[in-house]
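The values are calculated or read from the model by the stated rules, or taken from the named source; none is laboratory data. Everything quoted here is computed from the prediction, not taken from an experiment. Note: ideal-geometry Cβ built from the backbone for every residue, glycine included; neighbour counts use all protein chains shown.
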Amino acid sequence: MLFGRPDLLGEAQMSAASFSVRHAIGVVLATLLGLVFFNALLGVFGLPAAITSLVLFIFLAFLIFLRPQPDRTQS
Amino acid sequence: MKLDPEVLARVQFAFTVTFHIIFPTMSIGLAAFLMVIEGLWLKTKDPVYLEIYRFWMGIFAMGFGVGVVTGIVLSFEFGLGFAKFAQIAGPAIGPSIGLEVLTAFFLEAGFLGIMLFGLKRVGPKLHFFATCMVALGTQISASWILSANSWMQTPDGIAIENGRVVVTNWVRVIHNPSWLVRLPHMLLAAFITGSFFVAGVGAWYLLCGKHEIFGRRTVSLGLGFATVAVACQLFVGDLLYGRMLHYQPSKMQAAEGFWEENSASPAPYNWIVIPDQTNQRNRFTLATPVLGSLWLTHSLRGQVAGLKNTPRDLQPTMGMVFYGFHTMFIVAILMFFIVAVSLWLRVQKRLFSTRWFLRALVIMTPAGFIATIAGWYTAETGRQPWVIWGILRTADAISPVPGGAMLSTLIAFVVIYALFITAFLIFAFRMIRRGPEDAPNHAEASGSLVNALRTQVMDHAAAAHPGEGR
């Protein structure tokens, strides 16, 4: 096999963020925000809204990129 | 069995161009990525960037080589399979392809050697300049090819005299109505392809628990580029959709899978159709209500035009166009989902530790290639029955070559290209398995091209007269 198999048995090491209402609300809001951005970028709300949402999306993404990530790979 | 030269010529061109497009797409994407990485290395002097650069430069070089070889074949195929097209459209198409060689290939050829072999021979700034020139060359190359292909989609600036194309306005031939939208669409596709490729390989290292610093950096950078490029692509894709709806309505009618002159209001969005071209209807449709109006007309009750608006003899085959377009679009949706989730995970500081996401990234490694090929299938099959829209039918563009000859060359291409792809995949997988080598934390040469050449001359002299001066 040319392209070896990733460590699938390392499941136990994967992050298991505890479920909480706050987390669930965050996921729902993020999904809705994603849907709004997707449709806005597709021009559903018109060209000016598409341009605005593109600029806003890239700006927000850039701010998030600046957020440092912890060095660990597996928690 | 009677062999149809038209079908065989089309299959042959489709096969070779499908194979070819993988490599320029990768080259354009990786060249831009390498340019940014080397720029970051120059700015920060962080050795990880140099490690990333050296690793991806190897894969870029292989892809670049295969891309050049497979691209040359396409020019010959104009003569082999589409001689009448070359005869009629040569005056408009030929100069674009010639200018690609003059402007892009010369630029790439001039600087590729420095980029690939000059890391230890020239100074870092000159090397960075060479990388920039190679990246620019790939994009100029794409510009000319897109100009030529866009002219075939939306011809302009010409007159037909004695059955041949005569250019009346060069600017309008090059700057035809669809070029300036199709070009960014293709370049963004290449950037996205490169980004997902890079991020997928990085994610695989993280899942395997090796080369973790390299893996984290490539996942982060790959997803960063992908996030910006995917958002831009959705925007540009919608602009292109509107442009093609205006210039090539039958293509977009087929792409959306509607037959009736006007769809229901509000229109559903078709995800799966089984079209029956003979009876001009769908045998099966899987659709989401209202979404068609929303996405395609940008209103809640808009109607979508169907393929019956186009006379039967001018209709493209719906199945090909529909599935080409929908494969591209569904992959784009998946990509947007991935980049959106990556932003969420960055906020949560779990980007490198969420294994299901890393696995999804590995699965998405070839996504850009799939979307690009599907997009080109949409563009090319949707233009049928025309090879030059509204001017020359594909059936009238075929070379007077017997079907048997066409079939034998097709078989030869399949065999040779199979060898190419096998060799490329073996070496690429080997390089990926081996992983990045440790890179030095400083430039290995600090001088000008003059110094590099002087070193080269001294090396040659030393080789020619061993023992002298030692």
Original post:
When B:Glu212 is evaluated against the numbered criteria (1) among the acidic types (Asp, Glu); (2) more than 24 Å from B:Met328 (Cα to Cα); (3) more than 12 Å from chain A (Cβ to nearest Cβ), which criterion, by number, is the only one it fails?
Top reply: (3)
Original post:
Restricting attention to the range A:5-14, does a residue exist that is within 17 Å of the chain's Cα centre (by Cα) and either facing chain B (nearest Cβ under 10 Å) or modelled with pLDDT of 90 or more (or both)?
Top reply: no
**OP:** Identify, by number, the condition in (1) closer than 30 Å to B:Leu50 by Cβ; (2) of a type in the set (A, V, I, L, M); (3) not in a helix (DSSP H, G or I) that B:Ile398 doesn't meet.
**Re:** (1)
Original post:
Quick one: which of B:Leu239, B:Leu245 is farther than 28 Å from B:Trp41 by Cα and without any contact (Cβ under 8 Å) to a residue 24 or more places away in the chain?
Top reply: B:Leu245
Subject >> Residues located in the range B:216-269, provided they are small (Gly, Ala, Ser) and either more than 14 Å from chain A (Cβ to nearest Cβ) or surrounded by fewer than 20 Cβ atoms within 10 Å (Cβ to Cβ) (or both) >> reply: B:Ser220, B:Gly242, B:Ser250, B:Ala254, B:Ala255, B:Gly257, B:Ser263, B:Ala264, B:Ser265
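So how many residues does the range B:272-291 have that are in contact with a strand residue (DSSP E or B) (Cβ under 6 Å, 6 or more places away or on another chain) and loosely packed, with under 15 Cβ neighbours inside 10 Å? Even if it seems obvious, please write down each step before you answer.
Just the residues of the range B:272-291 that are in contact with a strand residue (DSSP E or B) (Cβ under 6 Å, 6 or more places away or on another chain), to begin with: B:272-276, B:282-288, B:291.
If we keep only those that are loosely packed, with under 15 Cβ neighbours inside 10 Å as well, we get B:272, B:274, B:276, B:283-284, B:286, B:288.
Residues meeting the conditions: 7.
For the structure I just gave you, tell me whether B:Ala412 is part of a helix (DSSP H, G or I), at pLDDT 90 or above and either among the aliphatic types (A, V, I, L, M) or farther than 30 Å from B:Pro124 by Cα (or both). So that I can check it myself, show each step before the final result.
Numbers: part of a helix (DSSP H, G or I): yes; at pLDDT 90 or above: yes; either among the aliphatic types (A, V, I, L, M) or farther than 30 Å from B:Pro124 by Cα (or both): yes.
For B:Ala412, the condition - part of a helix (DSSP H, G or I), at pLDDT 90 or above and either among the aliphatic types (A, V, I, L, M) or farther than 30 Å from B:Pro124 by Cα (or both) - is met.
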Original post:
Scanning for something within 18 Å of B:Val321 (Cβ to Cβ) and within 14 Å of another protein chain (Cβ to nearest Cβ), does the range B:276-289 turn up at least one residue?
Top reply: no
Subject >> Among (1) at pLDDT 90 or above; (2) facing chain B (nearest Cβ under 8 Å); (3) under 14 Å from B:Val339 (Cα atoms), the one test that A:Asn39 misses >> reply: (3)
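For (1) buried (at least 23 other Cβ atoms within 10 Å of the Cβ); (2) of a type in the set (Val, Ile, Thr), each residue gets a yes or a no:
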| site | (1), (2) |
| --- | --- |
| B:His20 | no, no |
| B:Ser27 | yes, no |
| B:Met35 | no, no |
| B:Lys43 | no, no |
| B:Glu51 | yes, no |
| B:Arg54 | no, no |
| B:Met62 | no, no |
| B:Val73 | no, yes |
| B:Phe78 | no, no |
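Can we say B:Phe111 is buried (at least 18 other Cβ atoms within 10 Å of the Cβ) and without any contact (Cβ under 8 Å) to a residue 40 or more places away in the chain? Steps first, answer last, please.
On the way: buried (at least 18 other Cβ atoms within 10 Å of the Cβ): yes; without any contact (Cβ under 8 Å) to a residue 40 or more places away in the chain: yes.
Spelling it out, B:Phe111 is indeed buried (at least 18 other Cβ atoms within 10 Å of the Cβ) and without any contact (Cβ under 8 Å) to a residue 40 or more places away in the chain.
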Subject >> Residue under evaluation B:Leu188, criteria (1) more than 18 Å from the chain's Cα centre (by Cα); (2) under 30 Å from B:Thr327 (Cβ atoms), criterion not met >> reply: (1)
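Results for (1) in a helix (DSSP H, G or I); (2) among the aromatic types (Phe, Trp, Tyr); (3) within 18 Å of B:Ala397 (Cα to Cα), shown as yes or no for each residue.
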position: B:Leu3; (1), (2), (3): no, no, yes
position: B:Ala14; (1), (2), (3): yes, no, yes
position: B:Phe33; (1), (2), (3): yes, yes, no
position: B:Leu50; (1), (2), (3): yes, no, no
position: B:Val69; (1), (2), (3): yes, no, no
position: B:Glu77; (1), (2), (3): yes, no, yes
position: B:Ile114; (1), (2), (3): yes, no, no
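Every residue, every condition in (1) closer than 21 Å to B:Leu239 by Cα; (2) among the charged types (D, E, K, R), yes or no:
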residue: B:Asn270; (1), (2): yes, no
residue: B:Val273; (1), (2): no, no
residue: B:Pro289; (1), (2): no, no
residue: B:Thr297; (1), (2): yes, no
residue: B:Leu300; (1), (2): yes, no
residue: B:Thr310; (1), (2): no, no
residue: B:Asp313; (1), (2): no, yes
Original post:
Is there a residue being part of a loop (DSSP other than H, G, I, E, B), under 31 Å from the mean Cα position of the chain (by Cα), in contact (Cβ under 8 Å) with a residue 60 or more places away in the chain and within 14 Å of chain A (Cβ to nearest Cβ) anywhere in the range B:340-363?
Top reply: yes
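Select from the range B:364-374 the residues that are part of a helix (DSSP H, G or I) and touching a residue at least 60 places away in the same chain (Cβ under 8 Å) and write down the one among them that is farthest from the other protein chains (Cβ to nearest Cβ). Let's see the steps before the verdict.
At the first step, the residues of the range B:364-374 found to be part of a helix (DSSP H, G or I) are B:367-374.
Then drop every residue that is not touching a residue at least 60 places away in the same chain (Cβ under 8 Å), which leaves B:367-369, B:371-373.
Numbers: B:Ala367: 17, B:Gly368: 18, B:Phe369: 16, B:Ala371: 16, B:Thr372: 19, B:Ile373: 21 Å.
Here the answer is B:Ile373.
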Subject >> Residue list for the range B:296-331, filter: in contact with a strand residue (DSSP E or B) (Cβ under 6 Å, 6 or more places away or on another chain) and either aliphatic (A, V, I, L, M) or within 14 Å of another protein chain (Cβ to nearest Cβ) (or both) >> reply: B:Met318
Original post:
Do we find that B:Leu334 is within 26 Å of A:Phe59 (Cβ to Cβ) and either surrounded by 21 or more Cβ atoms within 10 Å (Cβ to Cβ) or more than 8 Å from chain A (Cβ to nearest Cβ) (or both) in this structure?
Top reply: yes
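Condition (residue is hydrophobic (A, V, I, L, M, F, W, C), over 30 Å from B:Val201 (Cβ atoms) and within 25 Å of the chain's Cα centre (by Cα)) applied to the range B:259-282: is it met by at least one residue? Walk me through it before giving the result.
Pass one, the range B:259-282, residues hydrophobic (A, V, I, L, M, F, W, C): B:259, B:264, B:267, B:271-274.
Those left that are additionally over 30 Å from B:Val201 (Cβ atoms): B:259, B:264, B:267, B:271-274.
Subsequent filtering for residues that are within 25 Å of the chain's Cα centre (by Cα) retains B:271.
Scanning the range B:259-282, I find at least one residue that is hydrophobic (A, V, I, L, M, F, W, C), over 30 Å from B:Val201 (Cβ atoms) and within 25 Å of the chain's Cα centre (by Cα), so the answer is yes.
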